[in-house]
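Report on the following structure.
The values are calculated or read from the model by the stated rules, or taken from the named source; none is laboratory data. If you're wondering where the values come from, they're calculated on a predicted model, not measured in any experiment. Cβ sites come from the backbone with ideal geometry, for glycine too, and all protein chains shown count toward neighbours. Each accessible area value is taken on the protein alone, full model and side chains, heavy atoms only, with ligands, DNA and RNA left out. Shrake-Rupley method; radii C 1.70, N 1.55, O 1.52, S 1.80 Å.
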Amino acid sequence: MTTRRWVLGGGVAAAAVAGLGYRAWERGVFSSGEGPAYAPWAEWPAPAAEGLKGAVRAAVLAANAHDTQPWLFGLHADGVDVYADRARNLGTFDPFRREMQLSVGAAIANLLMAASVSGYSVNRYEVTAGRLALSPPDAAMLVTRIGFVRTGQTTPRLQLLAASIPRRHTNRFAYDPGRRIARVVLDAIISPAQQQNVAVAFITDPGARKEFGSLIVEATQRIIDDRDMSNDSARWFRAGLDEVNERRDGITVDASGASPVMRMAAKMLPDLGASSADSAWLSMTRDTQVATAPVFGMLLVKDRFDMATALTAGQCWQLMHLSATSLKLAAQPMNQPVECMDRNAMLGRRDVYAGELAKFAKLPGWEPTFVFRLGVPMEEAPASPRRPLADVLRA
């Protein structure tokens, strides 16, 4: 009887271990960043024979809000049409699709750089003018038409930035709080992104950083207390490997900024509900991301709802992030205060965030459209999923 019980017990234990092993394999516990969802990162630089198609391969690797990848491309022999895929939206998290427009601008920055290093120059650049509207239809919207000609010319600076395209990833992990970033380095990051209608402000003073960080944390709390915003954010969180490779978008557990133990637990356990995910996000924002940031920054514009301006601001962020990557620095958007500004505008509610952020910029007449942090990484950021080229090309 004792032997039989031991055998039965051993069988149950073996089955449990096998079950856990299958769960770990299915959820990608030991295969971070592997699978078809990550294949596009290896497709740039593209073969020269691909021409502008190769430049689109670079465009899809751009920074974008919640990894929604809200873009489509019409490829022609002598140009590329760029669309905002408005069905891939964040709902109340981005009610005017401002962050979507920034994301498409980032893709255009990559597209232009990749085309340049492939020997193309722009001979036509037509931008759709207007103002971003509240909750627009989900139909794709033409954002810009870009015409190219073959010149065979480029610049060393663009070549350096283009080489950073497959290495640029949003880093949500801790930064080295003891490593300050000199002003000359910050100026170098800004240099390739300078535009007349976009201003950049850095917050480096310890006291100002603490106050600025508190504003980000307070805005994060405001977002997770808003059920609609919380749910719209949760729709873009991906946990298991199967889901990641099927959807090929969204914020993954591996890229969330959580500790290794928390990442493993999040994959092995049942998917977190919005409330639990929000609690983890707030904790990481307060205790890791804000607490270890040596530099905060803002992009400011005259009108954050102007379509062309938002597009330019997105290009600026992409160029700055690529420049930071080339200098072995990490970067992460921390746009919660501006997202609260948009939500307040949507509801016709009194807003305090615009005025509070403006105190740090000290640029009368300008308003923030993008908030971020910079630093020396403590851990390398993993790649985020990307949709294949076939999914983003329009006939």
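Ordering Leu75, Phe360, Ala208 by the projection of their Cα atoms onto the charge dipole of the chain, which places +1 on the Cβ of Lys and Arg and -1 on the Cβ of Asp and Glu, puts Ala208 at the extreme positive end. Our compactness index for region 315-356, the C-alpha radius of gyration over the empirical 2.2 N^0.38 Å, is 1.61. Computed with the Debye formula from one identical point scatterer per Cα of region 245-395, without solvent, the log10 of I(q)/I(0) at q = 0.14, 0.18, 0.20 Å⁻¹ comes to -0.92, -1.35, -1.44. Helix 336-347 and the longest principal axis of the C-alpha atoms of the chain enclose an angle of approximately 80°. Here's the picture: charge each Lys and Arg Cβ at +1 and each Asp and Glu Cβ at -1 in the chain, and of Cys316, Phe370, Leu327 the one pushed furthest to the positive end of that dipole is Leu327. Rounded to the nearest 20, the size of the Cβ-charge dipole of region 96-163 about its Cα centre is 140 debye, with Lys and Arg at +1 and Asp and Glu at -1.
Within the listed set Ala65, Ala280, Ala49, the Gaussian network model of the chain (springs between alpha-carbon atoms below 10 Å) gives the highest mean-square fluctuation for Ala49. Each peptide in 175-184, 316-325, 52-61, 240-249 gets a packing score, the mean of other Cβ atoms within 10 Å over its residues, and the list from highest to lowest is 316-325, 52-61, 240-249, 175-184.
Quick check: the angle from helix 307-326's long axis to the longest principal axis of the chain, C-alpha only, nearest 10 degrees? Compared with the principal axis, the helix lies near 60 degrees.
Under 16 Å of direct C-alpha separation, and excluding same-chain neighbours fewer than eight residues apart, Lys210 reaches these lysines: Lys359. Taking 0.36 nm per residue of separation and subtracting the Cα-Cα distance, full extension of the segment from Ser121 to Arg179 would add 17.0 nm. When peptides 303-311, 69-77, 149-157 are ranked by their average number of other Cβ atoms within 10 Å per residue, the highest-first order is 303-311, 69-77, 149-157. What shape does region 81-121 have by the C-alpha gyration tensor, where a ≥ b ≥ c are the square roots of the eigenvalues, rounded means a/c under 1.5, and otherwise prolate means a/b greater than b/c and oblate the rest? Prolate is the answer for region 81-121, as a/c is 1.5 or above and a/b outweighs b/c. The residues of the chain present an accessible area of 44 Å² per residue when probed at 1.4 Å with all protein chains retained. Each stretch of four or more DSSP H residues adds -39500 (n - 2.57); spread over every residue of the chain, this sum gives -13000 deg cm²/dmol at 222 nm. Across all Cα atoms of region 85-235, the radius of gyration (one decimal) and Dmax (whole number) stand at 19.1, 54 Å. When the chain is treated as a Gaussian network with alpha carbon springs shorter than 10 Å, the biggest mean-square fluctuation among Gly297, Gly130, Gly375 belongs to Gly130. A cut-off under 15 angstrom between Cβ atoms defines the neighbours of Tyr38, and their net charge, with Lys, Arg +1 and Asp, Glu -1, is -2. Of the residues Arg97, Arg145, Arg373, the one that moves most in a GNM of the chain with alpha-carbon contacts below 10 Å is Arg145.
Between 0 and 90 degrees, the angle of helix 206-224 with respect to the longest Cα principal axis of the chain falls at about 70 degrees. Taken about its Cα centre, the chain carries a charge dipole of about 460 debye when Lys and Arg each add +1 at the Cβ and Asp and Glu each add -1 at the Cβ. Here region 114-199 is described by how far its Cα atoms reach on the three principal axes: 46, 42, 27 Å, from widest to narrowest. Taking 0.36 nm per residue of separation and subtracting the current Cα-Cα distance, fully stretching the chain between Glu34 and Ser214 would add 61.2 nm. Tally Lys and Arg at +1 and Asp and Glu at -1 over the other residues with C-beta under 12 Å from the C-beta of His321: what net charge comes out? Residues close to His321 contribute a combined charge of +3. Region 194-234 and region 160-181 have their alpha-carbon centroids 19 Å apart. The accessible surface of region 85-175, taken with every protein chain in place and a 1.4 Å probe, is 54 percent carbon and sulfur. Around the Cα centre of region 305-395, unit charges on the Cβ atoms of Lys, Arg, Asp and Glu (plus for the first two, minus for the last two) sum to a dipole of about 20 debye.
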